[in-house]
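Working notes for the structure below.
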Amino acid sequence: MRYFNLFCELVKKGIRLKYRRSYLGVLWSLIEPLLTMIVLTLVFGTLLDHHEASFPVYILAGRLIYGFFSQATTAALKSVRANEGLIKKVYVPKLLFPLSGICFNFILFLISLPVLAVVSLVLKCYPTVRLLLIVIPLVTLFLLAAGVGIVLATAGVYFRDLEYLWNIALMLIMYTSAIFYYPERILDSNVSWLLELNPLFCVISSARACIFGVPLNSWDVLYPLCFAAVCAALGTVVFRKKENEFLLHI
């Protein structure tokens, strides 16, 4: 709490830098997922012959969640080296940097959620009482991004090439998160483990269940939550142990 004001300034700085020299600013957080949804719906709706009215909502929900996870973990990975000047001048708890990167991306993610609500209403995908449970996947998503982000922040100080490797890993995560296709055919095949062991796929499935009024799957709720808790615990312990050595490597 002693550094809460600094933490808030780091969050504000992240938002300002993200939209620096952008005429649309934060408004782009609303426009970008909408345009992406339109493109993905046209392409994959045609290729996979999905013409259901709910398909754009299905895509947009997955795209928003994956977009936050990708941007938040990438920001956390780069956070320590990006704040090299501040770290070398004064002492601050270095855990502030990856957490601020995750928080400012989560704020932008929450700002973009009204787009999903409007699209759902326009396409007549009306909410049910199960939508109240959306808090569960959203909290899990934040914890998952925080846990993975802290691990990446520590490793990124020592391995500069991790940034490029993580981009490849994000591509694999994207294709195994069922963002623009229905997962039933894969879940019935021999490679179903690729989806079931992807915690982000479970989070997306839980969020979609809340949006479409379907009962939550216990595996989709508990597995990513446990995965996030383990990553956060191990990542924080290692980060705390190694943070005094960061000056020697950044």
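The values are calculated or read from the model by the stated rules, or taken from the named source; none is laboratory data. This one's a predicted model, so the numbers in the text were calculated from it and none came from an experiment. Using ideal geometry, Cβ is built from the backbone for each residue, glycine included, and neighbour counts are taken over all protein chains shown. When the accessible area is computed, the model is the full protein with side chains, heavy atoms only, and any ligands, DNA or RNA have been set aside. Shrake-Rupley method; radii C 1.70, N 1.55, O 1.52, S 1.80 Å.
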Taking a cut-off of 20 Å between Cα atoms, list the aspartates and glutamates near K18, but don't count ones fewer than 8 places away on the same chain.
E9, E32, E84, E163
Could you order the peptides 193-202, 1-10, 165-174, 32-41 from most to least packed, using the average number of other C-beta atoms within 10 Å per residue?
193-202, 32-41, 165-174, 1-10
For the chain, with all protein chains present and a 1.4 Å probe, just round the carbon and sulfur fraction of the accessible area to a whole percent.
69
Structure-based [θ]222 nm, the chain - -39500 (n - 2.57) summed over DSSP H runs of at least 4, per residue, nearest 500:
-24000 deg cm²/dmol
Per 0.36 nm of contour for each residue apart, how much would the distance between A229 and H51 grow if the chain were fully extended, relative to their Cα-Cα spacing?
60.2 nm
Taking every C-alpha to C-alpha distance in segment 89-242 and binning by 10 Å from 0, the per-bin percentages run 10, 33, 36, 17, 5, 0
Taking K241 as the anchor, which lysines have their alpha carbon closer than 23 Å to its alpha carbon, excluding any fewer than eight residues away along the same chain?
K78, K88, K89, K94
For segment 80-131, rounded, prolate or oblate, judged on the Cα gyration tensor with a ≥ b ≥ c (square roots of eigenvalues), a/c < 1.5 rounded, else prolate if a/b > b/c?
prolate
Point-charge dipole on Cβ atoms (K/R +1, D/E -1) for segment 94-250, about Cα centre, debye to 20
280
Between E32 and T128, what length comes free when the chain is fully extended (0.36 nm per residue of separation minus the Cα-Cα distance, one decimal in nm)?
31.9 nm
With every protein chain kept in place and a 1.4 Å probe, the chain has an accessible area per residue in Å² of 54
Calculate the all-directions average of the projected area of segment 1-71's alpha-carbon convex hull, and give it in nm².
6.5
Between S218 and K89, what FRET efficiency follows from the Cβ-Cβ distance if R0 is 51 Å, with the result rounded to 0.05?
0.55
With unit charges on the beta carbons (Lys and Arg positive, Asp and Glu negative) and the dipole taken about the Cα centre of the chain, which residue among F159, L10, G62 sits farthest to the positive side?
L10
Axial C-alpha extent at least 18 Å, average Kyte-Doolittle at least 1.0 - helices from the chain (DSSP)
28-47, 96-122, 135-158, 162-175, 199-212
Between segment 49-73 and segment 152-205, how many Å separate their Cα centres?
14
